[in-house]
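The values are calculated or read from the model by the stated rules, or taken from the named source; none is laboratory data. Nothing here was measured: the structure is a model prediction, and the numbers come from that model. Glycine gets a Cβ as well: all are built from the backbone with ideal geometry, and neighbour counts include every protein chain shown.
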Amino acid sequence: MKCCAGTAARLDRWRLLGLVWPVALVSVAAGSQAAETPSTAPPPAVAVITTELADVTPSFGFNGRVVAQDKVELRARVTGFLDKREFEEGADVQAGNLLFVIERDQYQAVVDQRQAELASAEANKANTGAQLKRGEELVKNGNIPKSEVDIRRANDQMAAAAIQEAQAALEQAQINLGYTDIQAPIAGRISRASVSIGNLVSLDSGVLATIVSQDPIYITFPVSQRQLLDYRRAQGGAGAAPVVRVTLPDDTVYQHSGKIDFLGVTVDQSTDTVTVRAELPNPERVLVDGQFVGVQVEAGKPERKIAIPQAALQVDQAGPYVMVVDGQDKVEARRVKLGAAEGAQAVIEDGLKEGERVIVDGVQKVRPGMVVAAAEAASATPAGQEAKP
């Protein structure tokens, strides 16, 4: 009986294995079929540009500040109540325009008084002159002593001095009267008024308003000693005037170029830099005094190089690189050596050749070795980037 029981148990186990085996074989076959089924997801779409050689002038980038050529703070030079304001705040004014009027009556009264004093002094001089002339005739005949003539001559000289004193007092009174009219000494844009009509103003009242010249305008920027030497080498001793271009805060290139008109005569010992100043036209009033801008100084002869949008550049711990799409639409990471920036464009010194396709949009969706659907970008110039004049 024990033998029969053992045989029955073994038969049960074999029957169980016979049921499990087909199930395992079906599972393996299903897994193998799933592995062999290709993915139906389309390749990621990217925008590319085809690299081209272009004339690139060697340039040097700096950070600069806009500085007005002239800035005048208007102040009261006499004491009085502010009577009128003859300008619109924030408007352009011309040299000589009347801006403020201080109460004139008291200063006009002083002028009238000084004119009367001058007239009196002139009348007194006429009298002393006549007395001197009469005395000189009488002394010839001995009718008066010579000492009397000397007294009359001294009186006449004192009368002449009194005229000069009265004239000086009148001129000062007229100057003070003129100070009641505050005029624009320069052309430019005027700020808001800091004092309202009816207030008492004087030398201690501070700035009434400020006029800032607009066109042309200066850009100042610090240049290190090394950069200055590099610039002079790039210029090649040809003596050609460098061209200055400005990048605005929105990364667009300012439409007018300028020229350097001043180089600092001393070095700032704390930063080892020299202040350089450039002059640019500003007819549209785009540049504003105190504004922070980017500066590109172009020097030397143009060179044929590849430039790509800054948006195509990627940077990691090993340095800058770009994503390139090859002839089989596969992505390759390519290390590049950068030259000077040209606004929103980056100049490539090494790492790219003419005719290669560089990803400028969609780079975050790809990795090296992937196949992509590449389409030419609508424009090689980023949105908002103006063409260089």
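Counting only strands (runs of 3 or more DSSP E) that fall entirely inside the stretch 315-376 and contain at least 1 residues that are β-branched (Val, Ile, Thr) and on the phi < 0 side of the Ramachandran plot, the qualifying elements are 319-325, 331-335, 345-350, 357-361.
Among residues belonging to the stretch 291-332 that are in contact with a Leu (Cβ under 6 Å, 6 or more places away or on another chain) and not β-branched (Val, Ile, Thr), point out the one that is nearest to VAL246 (Cα to Cα). So, considering only residues that are in contact with a Leu (Cβ under 6 Å, 6 or more places away or on another chain) and not β-branched (Val, Ile, Thr), the one nearest to VAL246 (Cα to Cα) is ARG304. Among the residues of the stretch 63-89, those identified as in a strand (DSSP E or B) and surrounded by fewer than 19 Cβ atoms within 10 Å (Cβ to Cβ) are ASN63, ARG65, VAL67, LYS71, VAL72, GLU73, PHE81, ASP83, LYS84, ARG85.
On inspection, ARG277 qualifies as crowded, with 16+ Cβ neighbours inside 10 Å and of a type in the set (Lys, Arg). Among the residues of the stretch 349-379, the one identified as within 33 Å of the chain's Cα centre (by Cα), modelled with pLDDT under 85 and closer than 15 Å to LYS305 by Cα is GLU349. When GLU165 is tested against (1) crowded, with 16+ Cβ neighbours inside 10 Å; (2) at pLDDT 90 or above, only condition (1) is not met.
Screening ASN143 with (1) touching a residue at least 60 places away in the same chain (Cβ under 8 Å); (2) more than 45 Å from the chain's Cα centre (by Cα) gives one miss only, at (1). Cβ separations smaller than 6 Å between residues 6+ apart or across chains give the following pairs from the stretch 94-117 residues that are surrounded by 13 or more Cβ atoms within 10 Å (Cβ to Cβ) to residues that are of a type in the set (S, T, N, Q): LEU98/GLN183; ILE102/THR180; ARG104/THR180; TYR107/ASN176; TYR107/THR180; VAL111/GLN174. Residues of the stretch 282-301 that are out of contact with any Asp or Glu (no Cβ under 6 Å at 6 or more places or on another chain) and under 30 Å from ALA91 (Cα atoms): GLU284, ARG285, VAL286, LEU287, VAL288, ASP289, GLY290, GLN291, PHE292, VAL293, GLY294, VAL295.
Based on what the data block shows, is GLN269 exposed (fewer than 14 other Cβ atoms within 10 Å of the Cβ) and either modelled with pLDDT of 90 or more or of a type in the set (Val, Ile, Thr) (or both)?
Numbers: exposed (fewer than 14 other Cβ atoms within 10 Å of the Cβ): yes; either modelled with pLDDT of 90 or more or of a type in the set (Val, Ile, Thr) (or both): no.
For GLN269, the condition - exposed (fewer than 14 other Cβ atoms within 10 Å of the Cβ) and either modelled with pLDDT of 90 or more or of a type in the set (Val, Ile, Thr) (or both) - is not met.
In the stretch 49-62, the qualifying residues are those that are within 30 Å of ILE260 (Cα to Cα) and among the hydroxyl-bearing types (Ser, Thr, Tyr), and the one that is surrounded by the most Cβ atoms within 10 Å (Cβ to Cβ) is SER59.
Scan the stretch 47-54 and give yes if some residue there is acidic (Asp, Glu) and assigned to a loop (DSSP other than H, G, I, E, B), otherwise no. Yes; the residues of the stretch 47-54 include at least one that is acidic (Asp, Glu) and assigned to a loop (DSSP other than H, G, I, E, B).
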